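Written out below as structure tokens is the structure these notes cover.
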């Protein structure tokens, strides 16, 4: 368990996560927020700090494959709510809540391939807490409405918008996009999604300001 990860976590968040990881039944903690706010970073730090008591299952594993997005005419706005298999994600969360007698496998999203990869994340039967993170955990339209009732807690992460957009552009560049294209993508795709995500803020159990 890397001590730097533990020391960088606010104690009240770690205490809250530890309480959810108590024995008795499996619980699911969701981290929601706009693109670039730091969901995956906080989720990974929490799971590391819980030292075997938690598994990380990101929502991004339910991206539709690029070929399917092309067929549907949605590839140009990848990341919008209808570019994910929301029903599949909800079904996996339901299975994770109830199936504690064997390992459950979840998909991951490979950022080098820009594609989901099935069966990538094992969640062992004895893990008491699943941490899941993603944009639309609090979205209430279509199959996304099934997600919130399956989560024991949801934390909504917030970050100064200018800082968040800058980090988001840098992330797109780091994964291979030219900077002008990355800036255009953020303004035309990520930011409209961010405004949609913000509508679910009041349905969270906790709002977490991010550094």
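Using only Cα atoms, figure out Rg for the chain and give it as a multiple of 2.2 N^0.38 Å.
In units of the globular-protein estimate, the chain measures up at 0.99.
Using the count of nearby Cβ atoms within 10 Å as a rough guide to exposure, how do 59, 210 rank from fewest to most?
Lowest count first: 210, 59.
What is the angle, in °, between the Cα long axis of helix 86-98 and the longest principal axis of the Cα atoms in the chain? Nearest 10 is fine, range 0 to 90.
Helix 86-98 sits roughly 10 degrees off the main axis of the chain.
In what sequence, highest mean first, do 47-54, 182-189 appear when ranked by Cβ atoms within 10 angstrom?
The peptides rank, most packed first, as 47-54, 182-189.
Just report the Cα centroid separation between region 73-110 and region 136-211, whole Å.
With region 73-110 and region 136-211 each reduced to a Cα centre, they are spaced 17 Å.
What does the C-alpha gyration tensor say about the overall shape of region 95-211? Classify as rounded when a/c is under 1.5, otherwise prolate if a/b is larger than b/c, or oblate.
Here region 95-211 falls in the oblate category.
Out of all DSSP beta bridges with both ends in region 27-166, state the antiparallel percent to the nearest 5.
That works out to approximately 35 percent antiparallel.
No lab work stands behind these numbers, since they all come straight from the coordinates. Note that the structure is predicted; figures quoted are calculated from it, not measured. For neighbour counting, all protein chains shown are included, and Cβ atoms are generated from backbone atoms with ideal geometry for every residue, glycine included.
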